[in-house]
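Asker: Right, I'll just put the structure down here and ask away after.
The values are calculated or read from the model by the stated rules, or taken from the named source; none is laboratory data. Treat the numbers as computed from the prediction; the structure is a model and nothing was measured. For neighbour counting, all protein chains shown are included, and Cβ atoms are generated from backbone atoms with ideal geometry for every residue, glycine included.
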Amino acid sequence: MTASTTTPQDLTPEQAEADLATLEQAVVAGEAVTVEQLTQAKERISFVKLVQMGRDARAEAKRVSAAAAARKAAKIEAKGIIEALPADVLAKFDAAVEAMQALIDVAKTHNEGINDVWRAFGTGGVAAVGWEGSTMPDHDAANFARVGQGEIVSSVTVDGQVYLPNEPAEWVQHAIVRVARANDGLTLPRGSGSIERFMGETRFVPYALEQRDTAGL
């Protein structure tokens, strides 16, 4: 029987073993097979296995090297990402807190002015309107303060223009809710819901904000 002409380096261990099995079956069948052919076939198996081991080792080394290179590249990329992160988050936070405080201060200053108008009217004898809507005989519809129970000024009218007090909490609530709505509600971590939901319904809108929104400005 003629020996395989395939180069040993091109064989797999399974192919080499199959060649040996074929030769052994040929011997059993009484075909012409030499001892040298059987010996070579057996030796070829050992050789091919060594060749395969070498291939496997080189492939593994290549895989390990590629994995190490990928890890190194990922670490370099991660470092670059971190280095590019905004470094002023605390400054932005402080600025946001200051801006919110400034909003509150403006609302409070506005309210102080509303109360100053009421006091000025009172000092000058300008009649006020009671919470139930009662008016004095000398009521001036263009200049008066509307005062509720507990002497809480609900509005003042000066030269025909109405001015309402501001509720600082409502301004803060609307500012936060609008930021939340612009960011998909700003979901809180650990299943705590969203900022938008947490802040509740914004049923009461500051008058100036309502007027601007209505005008579409």
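Asker: What's the number of the condition Ile82 fails, among (1) modelled with pLDDT under 90; (2) of a type in the set (A, V, I, L, M); (3) surrounded by fewer than 13 Cβ atoms within 10 Å (Cβ to Cβ)?
Answerer: (1)
Asker: Here's another thing I want to ask about it. How many of the residues making up region 137-153 are buried (at least 17 other Cβ atoms within 10 Å of the Cβ) and either touching a Gly at 6+ places or on another chain (Cβ under 6 Å) or among the charged types (D, E, K, R) (or both)?
Answerer: 1
Asker: Name the one entry in Val177, Val172, Val156 that is surrounded by 12 or more Cβ atoms within 10 Å (Cβ to Cβ) and either in contact with a strand residue (DSSP E or B) (Cβ under 7 Å, 6 or more places away or on another chain) or not assigned by TED's automatic domain parsing to the domain that holds Leu103 (or both).
Answerer: Val156
Yes/no matrix, rows are residues, columns are (1) within 43 Å of the chain's Cα centre (by Cα); (2) not in a helix (DSSP H, G or I):
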{"position": "Gly80", "(1), (2)": "yes, no"}
{"position": "Phe93", "(1), (2)": "yes, no"}
{"position": "Met100", "(1), (2)": "yes, no"}
{"position": "Glu112", "(1), (2)": "yes, no"}
{"position": "Val117", "(1), (2)": "no, no"}
{"position": "Pro137", "(1), (2)": "no, yes"}
{"position": "Ala145", "(1), (2)": "no, yes"}
{"position": "Thr157", "(1), (2)": "no, yes"}
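Asker: Further, regarding this structure: For region 163-194, which positions are closer than 12 Å to Val205 by Cα, part of a loop (DSSP other than H, G, I, E, B) and polar (S, T, N, Q)?
Answerer: Of everything in region 163-194, just one residue is closer than 12 Å to Val205 by Cα, part of a loop (DSSP other than H, G, I, E, B) and polar (S, T, N, Q), namely Asn166.
Asker: Within region 1-32, which residues are aliphatic (A, V, I, L, M), modelled with pLDDT of 80 or more and part of a loop (DSSP other than H, G, I, E, B)?
Answerer: Ala29, Ala32, listed by residue number.
Asker: Sticking with this one: Would you mind stating whether Gly200 is at pLDDT 85 or above, within 42 Å of the chain's Cα centre (by Cα), part of a loop (DSSP other than H, G, I, E, B) and not basic (Lys, Arg)?
Answerer: In short, no.
Asker: From the list Arg63, Arg44, pick out the single residue that is surrounded by 10 or more Cβ atoms within 10 Å (Cβ to Cβ), within 38 Å of the chain's Cα centre (by Cα) and farther than 30 Å from Leu209 by Cα. First the steps, then the outcome.
Answerer: Numbers: Arg44 fails: within 38 Å of the chain's Cα centre (by Cα).
Exactly one of Arg63, Arg44 is surrounded by 10 or more Cβ atoms within 10 Å (Cβ to Cβ), within 38 Å of the chain's Cα centre (by Cα) and farther than 30 Å from Leu209 by Cα, namely Arg63.
Asker: What single numbered condition from (1) more than 21 Å from the chain's Cα centre (by Cα); (2) part of a loop (DSSP other than H, G, I, E, B) fails to hold for Ala87?
Answerer: (1)
Asker: Looking at region 199-215, is at least one residue in the same structural domain as Met100 (by TED's automatic domain parsing) and in contact with a Gly (Cβ under 8 Å, 6 or more places away or on another chain)?
Answerer: There is no residue in region 199-215 that is in the same structural domain as Met100 (by TED's automatic domain parsing) and in contact with a Gly (Cβ under 8 Å, 6 or more places away or on another chain).
Asker: It is to be established whether one or more residues within region 114-123 are of a type in the set (A, V, I, L, M) and touching a residue at least 12 places away in the same chain (Cβ under 8 Å).
Answerer: Yes: region 114-123 contains one or more residues that are of a type in the set (A, V, I, L, M) and touching a residue at least 12 places away in the same chain (Cβ under 8 Å).
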